[in-house]
1. Given an 8 Å cut-off on Cα distances and at least 6 residues of separation, report the relative contact order of the chain as a percent.
2. Among Ile470, Asn124, Ser312, whose Cα projects farthest towards the positive end of the dipole of the chain, with charges put on the beta-carbon of Lys, Arg (+1) and Asp, Glu (-1)?
3. Can you give the Rg and Dmax of segment 154-230 based on its C-alpha atoms, in angstrom?
4. Take every DSSP beta bridge whose two residues both sit in the chain, then give the antiparallel share in percent to the nearest 5.
5. Calculate, for Ile40 and Asp191, the FRET efficiency according to 1/(1 + (r/R0)^6) with r their C-beta to C-beta distance and R0 45 Å; round to the nearest 0.05.
6. So for segment 67-111, what percent of the C-alpha to C-alpha distances run longer than 15 Å?
7. Along the charge dipole of the chain, pointing to its positive end and built from +1/-1 on Cβ of Lys, Arg, Asp and Glu, which listed residue (Leu460, Val52, Leu431) has its Cα farthest out?
8. What is the magnitude of the charge dipole of the chain about its Cα centre, with +1 placed on the Cβ of each Lys and Arg, -1 on the Cβ of each Asp and Glu, and no other charges, expressed in debye to the nearest 20?
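Every number here is computed from the coordinates shown, using simple stated rules; none is lab data. Not measured: the values here are computed from a predicted model. All Cβ positions, glycine included, derive from the backbone under ideal geometry; neighbour counts span all protein chains shown.
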Amino acid sequence: MRFRLARKEAGAPARNSGRVDPSNERLDFRAAFERAERWIEAYYQDPRQFPVLARVAPGYLARALPAEAPEAPEPFDTIFADFERLILPGITHWNHPRFFAYFAISAAPIAVIAEALAAALDVNAMAWKTSPAATELEDVTLEWLRKLVGLDAGFHGIVYDTASISGFTALAAAREALDLEIRERGMAGRDDLPILRVYQTEHTHSHIEKGAIALGIGRENVVKVACDENFAMQPAALDAALAADLARGLKPMCVVATVGTTSTTSSDPVPAIAEIAKRRGVWLHVDAAYAGPAAILPEFRHILAGSEGADSLVLNPHKWMFVPVDLSVLYLRNMDVLRRAFSLAAVYLELPDEPVHNYMDYGLQLGRRFRALKLWFALRHYGAEGMRARLRGHIALAQEFATWIDAAPDWEVMAPHPLSVVCFRHAPAGLEGEALDAHNGRIMDDVNASGEAFISSTRLNGRLALRLAIGNERTTRDDVRAAWRLFRRAAAPAAAN
Ligand SMILES: Cc1ncc(COP(=O)(O)O)c(C=O)c1O
């Protein structure tokens with residue numbers, strides 16, 4: 001099949017008459033797609049051919065590319081050659097099996113095919129009628145996912161791009177649920193409006209605070225509830241904070257509990273928090289962006305315990321279900337309150353009154369990509385068993401890595417590691433405080449500069465912790481062993497092995 005993309009209608013004005021070589025605009029779609037397909041296939045066979053962390057200096061690409069968009073069409077071969085020559089060197093390879101930073105992820109090849117198909121269809125799933133299959137597939141796959149992770153049937157799922165937007169949306173719903181007429185009257189200059197408060201811990205992901213900023217809550221009204229020694233929220237401290245705020249006439253808007261915090265994967269005690277939120281009449285949002293998918297494992301189903309008391313809960317298939325970025329799922333009990341917060345029918349978007357979901361009414365954005373397709377492909381291709389096997393493998397590798405740290409002199413694990421992330425450091429005698437942090441910072445920089453592996457860090461009780469996160473479907477025991485060798489070499493160059 002040949003697609004001719006040139007404007008060929010009779011009489012269409014030729015923009016660059018005299019300069020356009022129309023043969024360049026002609027795309028041999030099959031040849032071009034096959035070239036890209038061959039490239040992707042080779043890439044997936046061994047992403048190790050690339051350094052994990054891009055080795056370019058800031059501004060490298062802007063210097064290499066022309067300052068203006070091309071006037072004349074350019075042939076696919078030229079564009080693709082520049083993709084290889086200029087773009088790839090500036091890619092940090094999240095698909096690399098030795099990518100151990102942040103939360104490691106990987107795109108399932110089957111989901112890449114789904115992404116290509118979704119791009120080809122190019123539907124905008126803003127309303128049911130603008131592509132019924134997109135909306136209905138979203139409903140079906142999110143029901144599958146809900147059952148797989150064991151959430152109760154009171155939750156309805158909706159897809160957003162990221163957990164940050166899911167969290168923002170949950171906060172907006174929590175604010176709307178207070179019935180303070182903020183939607184119509186706003187917040188500024190109102191003396192009838194109490195100060196709204198959000199409760200989290202210092203380990204809650206920063207998107208909640210950003211959401212509070214965007215919604216006019218203000219950073220100083222984001223209360224950091226104390227954690228215990230395992231980096232989990234102390235329910236008694238939450239209850240005390242709520243009681244103190246209520247006594248001052250402040251209005252609790254939302255409690256955020258995390259299942260699988262970003263630094264250590266610790267989990268707040270959701271059942272106890274849910275009981276408090278219910279008793280105090282406060283919206284409970286659970287951020288299970290990373291760890292939620294682990295609930296597909298029967299032995300980890302318990303991590304979502306207490307979710308029956310939550311008003312909203314987020315989990316990210318793009319973190320730990322091999323769905324390419326981006327796809328986050330927000331489960332919500334009361335879709336009406338979300339609709340109340342966001343629906344606004346412009347005259348040019350009026351829709352018939354049908355028993356369907358028009359998801360443009362449930363968030364800030366109007367246009368929506370057909371994201372559910374890649375989740376559907378991935379869930380079907382791997383099956384729940386395949387997903388479980390991969391997650392179990394990651395958790396087992398992380399646990400094994402922690403035993404190596406435990407057994408090695410001068411190395412220490414710095415936090416409980418229930419899932420696929422281990423926080424650790426090299427702590428030789430004689431080094432402490434900032435000198436110890438600097439030593440571990442150097443280890444991280446050395447490892448990352450090697451191009452062989454990529455890790456990140458966090459701070460626990462103010463001290464630097466190295467962080468190894470396993471979540472890539474191609475990561476093997478050998479990859480983790482290789483990383484361990486790199487850490488030891490960087491820690492003690494003289495004893496390199
Ligand atoms: C616990 C947690 N919540 C939310 C987020 C934000 O995720 P996203 O990048 O999808 O906005 C992250 C990111 O790592 C996270 O770790």
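1. 20
2. Ile470
3. In Å, with Rg to one decimal and Dmax whole: 13.9, 44.
4. Values: 25 of 42 bridges.
Within the chain, antiparallel bridges account for around 60 percent of the total.
5. Working: r = 60 Å, r/R0 = 1.32.
That gives a FRET efficiency of 0.15.
6. 64
7. The listed residue farthest towards the positive side: Val52.
8. Around 540 debye, computed over the chain.
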